[in-house]
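Engineer: Right, I'll just put the structure down here and ask away after.
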Amino acid sequence: MHLPWRWLLTITCAVSCSQAQANGWNMPVGVTDLSRDIYNLHMTIFWICVVIGLIVFGAMFYSLYRYRHAKGAKPANFHENTTVEVLWTAIPILILIGMAVPATATLKKMYDTSDADLDVMIIGQQWRWRYEYLGEDVAFNSNMSTPWEQIHGEEEHGEHYLLDVDEPLVLPINRKVRFLMTADDVIHSWWVPELAVKQDTIPGFINENWVKINEPGIYRGQCAELCGVNHGFMPVVVHAMEEEEFDSWLAERKEAQEQEAMGVDREWELDDLMARGESVYRAICSSCHQSEGQGALPAFPALANNQPMIDDFDWHLDVVINGVSGAAMPAFRSTLNPVELAAVVTYTRNAWGNDTGDVVQPALVAEKIAQ
Amino acid sequence: MWSVVKSVLAALIGVQSNVKRQQDFSSGKPLIFIVTAIVITLVFVLILVGVALVAAR
Ligand SMILES: [Cu+2]
């Protein structure tokens, strides 16, 4: 039996590889040097497994057919063969060592978070990501922007259904960015296949990872650790841009954040707070308390016509700032700034027929937070 | 002694001939095998530590 096996293998290889890539069955090659290394390592080990599989199952099926009972084959009855046993122990050991060498080399690169040009803190929260550019005074929340109407089937699905956010993580290309990753509540996992990063974010721990992106673009991912009812609704979007573009984005962001901080001291009108509050509510609160404040019992109480909340302004403000211990309501004192907090409390006290007419000034909220 | 080491090494990879096993069970003392096995395991661990140190450089 003379199969042109080399030739056959090459053809199968070429066809199945490009096919799997085109169909999205295989892992992506990605856009960093490291993601390429990981992809190549994956393919190397995959083909080692394929060759072993072909040899083992080839030998098995050949023997099954060639020495079948119908042809009068007689079984050999010897008990042991030390040479063969040593061989089939030694060969796998050598193969495993052969795989361990490139795998270890790649792992070492993955763990080398030294000499980063930029540090970004990634914080998992139920159910959004928060990004803090360390040393740059820039921090923001990244919420899924897919409308609930699409999720509930009342509208057609958009182009990036469940994979779009209001504010993506913006990163520069060609610079080493170190991620410091943690979570506020439960374990989440920050996963972007194109960047070859999938790292658990664990409350009380800081995990490290890094990327150095080669190509500008938008890269999408998801939370990869089951983290509660809205686990499927906390996508990751990374916007990688040219270095100069990134620098001006960062400067702009800083400026905007400073403007926002100054907004704390001025007197706000009801209409401005309502408009701002509605967008905060949609991004942050509506996933639990629902779009019209109707709530979802038992965990998430209604806010519309919630009499205790309407009657007790101080308690309402305290719950939003400090959360409710032992319940699903988290503290928003560090997730939202005073303007956003004041706006969302004003909004919930005046929307859906609550109509208290209360105007919460950001300065008051800042005072409460400082206490 | 060499035959004890060989038997322990054979046990380490899980392959031993029947003839050799009969020999060990009829003539050897258990304590010698146990001590040799502990020493060889320690050597194996040290080799792994060495490899890890070299790899981590
Ligand atoms: Cu999550």
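The values are calculated or read from the model by the stated rules, or taken from the named source; none is laboratory data. All values reported here derive from a predicted model rather than from experimental measurement. Using ideal geometry, Cβ is built from the backbone for each residue, glycine included, and neighbour counts are taken over all protein chains shown.
Engineer: Collect the residues in the range A:281-299 that are outside any loop (DSSP other than H, G, I, E, B) and touching a Ser or Thr at 6+ places or on another chain (Cβ under 9 Å), keeping them in residue-number order. Give the steps one after another, and end with the answer.
Structural biologist: Within the range A:281-299, the subset outside any loop (DSSP other than H, G, I, E, B) is A:281-289, A:296.
Residues satisfying the conditions are A:TYR281, A:ARG282, A:ALA283, A:ILE284, A:CYS285, A:HIS289.
Engineer: Here's something else I'd like to know. How many residues does the range A:219-228 contain that are near the ligand (Cβ under 8 Å from one of its atoms) and assigned to a strand (DSSP E or B)?
Structural biologist: The total comes to 1.
Engineer: Taking A:THR113 as the residue in question, decide whether it is over 30 Å from A:CYS285 (Cα atoms) and either within 16 Å of the ligand (Cβ to nearest atom) or surrounded by 13 or more Cβ atoms within 10 Å (Cβ to Cβ) (or both).
Structural biologist: Details: over 30 Å from A:CYS285 (Cα atoms): yes; either within 16 Å of the ligand (Cβ to nearest atom) or surrounded by 13 or more Cβ atoms within 10 Å (Cβ to Cβ) (or both): yes.
Yes, satisfied.
Engineer: Anything in the range A:30-85 that is within 14 Å of chain B (Cβ to nearest Cβ) and either loosely packed, with under 14 Cβ neighbours inside 10 Å or closer than 30 Å to A:PRO216 by Cβ (or both)? List them, or say none.
Structural biologist: Here is the first cut: in the range A:30-85, the residues within 14 Å of chain B (Cβ to nearest Cβ) are A:78-85.
Those that are within 14 Å of chain B (Cβ to nearest Cβ) and either loosely packed, with under 14 Cβ neighbours inside 10 Å or closer than 30 Å to A:PRO216 by Cβ (or both): A:PHE78, A:HIS79, A:GLU80, A:ASN81, A:THR83, A:VAL84.
Engineer: Name the pairs: first residue in the range B:40-57 and more than 14 Å from chain A (Cβ to nearest Cβ), second residue at pLDDT 95 or above and not in a helix (DSSP H, G or I), Cβ to Cβ under 9 Å, at least 6 apart or on different chains?
Structural biologist: Sorted first by the residue in the range B:40-57, then by its partner, the list stays empty.
Engineer: Would you be able to tell me the number of residues in the range A:306-317 that are free of Cβ contacts under 8 Å to residues at least 12 places away in the same chain and either among the acidic types (Asp, Glu) or closer than 21 Å to A:ALA366 by Cβ (or both)?
Structural biologist: 4
Engineer: For the range A:314-335, indicate whether the set of residues that are within 16 Å of the ligand (Cβ to nearest atom), among the β-branched types (Val, Ile, Thr) and within 19 Å of A:ALA183 (Cα to Cα) is non-empty. Step through it out loud before you land on a result.
Structural biologist: Looking only at the range A:314-335, we keep the residues that are within 16 Å of the ligand (Cβ to nearest atom), and these are A:328, A:330, A:335.
Then keep just the ones that are among the β-branched types (Val, Ile, Thr); that gives A:335.
Going one step further and asking which of them are within 19 Å of A:ALA183 (Cα to Cα), we end up with A:335.
So far as the range A:314-335 goes, yes, one or more of its residues are within 16 Å of the ligand (Cβ to nearest atom), among the β-branched types (Val, Ile, Thr) and within 19 Å of A:ALA183 (Cα to Cα).
Engineer: Give the range A:200-218 a look and list any residue that's in a strand (DSSP E or B), away from the ligand (no atom under 12 Å from the Cβ) and under 19 Å from A:MET110 (Cα atoms), or say none.
Structural biologist: The answer is A:ASN207, A:GLU208, A:ASN209, A:TRP210, A:VAL211, A:ILE213.
Engineer: Here is a follow-up. Go through the range B:1-20 and count every residue that is within 14 Å of chain A (Cβ to nearest Cβ), within 12 Å of the chain's Cα centre (by Cα) and either in a helix (DSSP H, G or I) or among the hydrophobic types (A, V, I, L, M, F, W, C) (or both).
Structural biologist: 8
Engineer: Now for a separate question. Restricting attention to the range A:229-249, which residues are under 11 Å from the mean Cα position of the chain (by Cα) and within 16 Å of the ligand (Cβ to nearest atom)? So that I can check it myself, show each step before the final result.
Structural biologist: Kept after step one, since they are under 11 Å from the mean Cα position of the chain (by Cα), are these residues of the range A:229-249: A:231-238.
A:HIS231, A:GLY232, A:PHE233, A:MET234, A:PRO235, A:VAL236, A:VAL237, listed by residue number.
Engineer: Against the definition (more than 16 Å from the ligand (Cβ to nearest atom), under 23 Å from A:ASP37 (Cβ atoms) and in a strand (DSSP E or B)), how does A:ALA139 come out, yes or no?
Structural biologist: Numbers: more than 16 Å from the ligand (Cβ to nearest atom): yes; under 23 Å from A:ASP37 (Cβ atoms): no; in a strand (DSSP E or B): yes.
The answer is no for A:ALA139.
Engineer: Here's another thing I want to ask about it. Can you tell me how many residues in the range A:97-119 are in a helix (DSSP H, G or I) and within 13 Å of chain B (Cβ to nearest Cβ)?
Structural biologist: First pass over the range A:97-119, keeping only residues in a helix (DSSP H, G or I): A:97-111.
Keeping just the survivors that are within 13 Å of chain B (Cβ to nearest Cβ) gives A:97, A:100-109, A:111.
Of the residues in the range A:97-119, 12 are in a helix (DSSP H, G or I) and within 13 Å of chain B (Cβ to nearest Cβ).
Engineer: A further question on this structure: For residues that are surrounded by 16 or more Cβ atoms within 10 Å (Cβ to Cβ), in a helix (DSSP H, G or I) and in contact with a Ser or Thr (Cβ under 9 Å, 6 or more places away or on another chain), tally how many sit in the range A:261-273.
Structural biologist: Narrowing the range A:261-273 to residues surrounded by 16 or more Cβ atoms within 10 Å (Cβ to Cβ): A:263-264, A:268, A:273.
Going one step further and asking which of them are in a helix (DSSP H, G or I), we end up with A:263, A:273.
From the residues that got through so far, the ones that are in contact with a Ser or Thr (Cβ under 9 Å, 6 or more places away or on another chain) too are A:273.
Summing the residues that are surrounded by 16 or more Cβ atoms within 10 Å (Cβ to Cβ), in a helix (DSSP H, G or I) and in contact with a Ser or Thr (Cβ under 9 Å, 6 or more places away or on another chain) in the range A:261-273 gives 1.
Engineer: With the structure loaded, tell me whether A:VAL320 is free of Cβ contacts under 8 Å to residues at least 40 places away in the same chain and of a type in the set (Val, Ile, Thr) or whether it fails that test. Let's see the steps before the verdict.
Structural biologist: Working: free of Cβ contacts under 8 Å to residues at least 40 places away in the same chain: yes; of a type in the set (Val, Ile, Thr): yes.
Spelling it out, A:VAL320 is indeed free of Cβ contacts under 8 Å to residues at least 40 places away in the same chain and of a type in the set (Val, Ile, Thr).
Engineer: Right, A:LEU303: outside the structural domain of A:TYR161 (by TED's automatic domain parsing) and touching a residue at least 60 places away in the same chain (Cβ under 8 Å) or not?
Structural biologist: Working: outside the structural domain of A:TYR161 (by TED's automatic domain parsing): yes; touching a residue at least 60 places away in the same chain (Cβ under 8 Å): no.
Judged against the criteria, A:LEU303 is not a match.
Engineer: Looking at this structure, is A:ASP185 outside any loop (DSSP other than H, G, I, E, B), surrounded by fewer than 18 Cβ atoms within 10 Å (Cβ to Cβ) and within 16 Å of the ligand (Cβ to nearest atom)?
Structural biologist: Values: outside any loop (DSSP other than H, G, I, E, B): no; surrounded by fewer than 18 Cβ atoms within 10 Å (Cβ to Cβ): yes; within 16 Å of the ligand (Cβ to nearest atom): yes.
It is false that A:ASP185 is outside any loop (DSSP other than H, G, I, E, B), surrounded by fewer than 18 Cβ atoms within 10 Å (Cβ to Cβ) and within 16 Å of the ligand (Cβ to nearest atom).
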